[in-house]
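The values are calculated or read from the model by the stated rules, or taken from the named source; none is laboratory data. Quick caveat: nothing in here was measured; it's all calculated off a predicted structure. Neighbour counts run over all protein chains shown; Cβ positions are idealised from the backbone, glycine included.
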């Protein structure tokens, strides 16, 4: 027996009910996007401040059309300088602002990625769900993530070693969303440049008078000597890199927060202490070379010359070996001509 075809009204009702879950999810995601954009617009840095309730709503919304990059913060740890939470959060805010500025003409791109921070004192349960037990900590929550801990992607220390720039590279590699140029504020403002220029013009006649009389610091040989040593150390220790990238001198151990790490194994990150250690070793070699070529040659005793020369060579070889050893430890690359693998 042939089953009679149902009336058109019943077919329409069944069709409407079958699409109801999809319509509800789409509306939920749309409403959430509208709310996040509203919170974002009220933030000076375009960073959304999350709490347990809002994060629970985000993770329960399925499907989601956006990724979330979270900065885990703890106000009570801001005074611990070794963690550098303040500077890292400042770089995170700078990255968020840059992303908004670079994509202000593309609302669709802005809707795919949101920057957010979450504070330990307000959202301890969220920290526990993510499994965060040490700071600094940054995680990416993809659109398809269900579990906060297993489905989110942690940013390693090397991924924020160069601050906003390396954070940007991490996000772009994981989300395929372009962050764009990092808009850093100028080091010296226009007002400060004006004051410096006025001060220079006022003091210019006095500077010319002292220069003609030969009474400036530039006429002192000791100043030139100390300046040369400083420039040499500044060059070989990577100090400019530390200043530009705002590299910390050391970081806390992830496994033991009470322990400090001065040498980080891995080529993606270099701490300030590492650069200063290498600069100190190279400076020793440079000073010994200068001493041998400018002072030792004037010593009349051949025995003293040989003894000091041998001592200088031993110290120099020891210093260079330490540099090669550290490079091999960090990168895994061995200079076989100087440090054979059999050693």
For the range 251-262, does any single residue satisfy the condition of being crowded, with 18+ Cβ neighbours inside 10 Å and either at pLDDT 75 or above or not assigned by TED's automatic domain parsing to the domain that holds residue 315 (or both)? no
The condition from (1) under 30 Å from residue 102 (Cα atoms); (2) free of Cβ contacts under 8 Å to residues at least 60 places away in the same chain; (3) out of contact with any helix residue (DSSP H, G or I) (no Cβ under 8 Å at 6 or more places or on another chain) that residue 241 misses is numbered (3)
(1) outside the structural domain of residue 105 (by TED's automatic domain parsing); (2) within 17 Å of residue 112 (Cα to Cα); (3) free of Cβ contacts under 8 Å to residues at least 24 places away in the same chain all hold for residue 153 apart from (1)
Exactly one of (1) over 30 Å from residue 109 (Cβ atoms); (2) touching a strand residue (DSSP E or B) at 6+ places or on another chain (Cβ under 7 Å) is unmet by residue 142. Its number? (1)
So, in the range 106-125, of the ones that are closer than 25 Å to residue 78 by Cα and in contact with a strand residue (DSSP E or B) (Cβ under 6 Å, 6 or more places away or on another chain), which residue ends up surrounded by the fewest Cβ atoms within 10 Å (Cβ to Cβ)? 119
Could you name every one of the helices (runs of 4 or more DSSP H) located completely within the range 22-135 that has at least 1 residues being farther than 30 Å from residue 181 by Cα and without any contact (Cβ under 8 Å) to a residue 12 or more places away in the chain? 52-60, 124-130
If you take the residues of the range 134-150 that are closer than 27 Å to residue 260 by Cα and under 20 Å from the mean Cα position of the chain (by Cα), which of them is modelled with the lowest pLDDT? 134
Any residue in the range 132-142 that is surrounded by fewer than 18 Cβ atoms within 10 Å (Cβ to Cβ) and closer than 28 Å to residue 34 by Cβ? yes
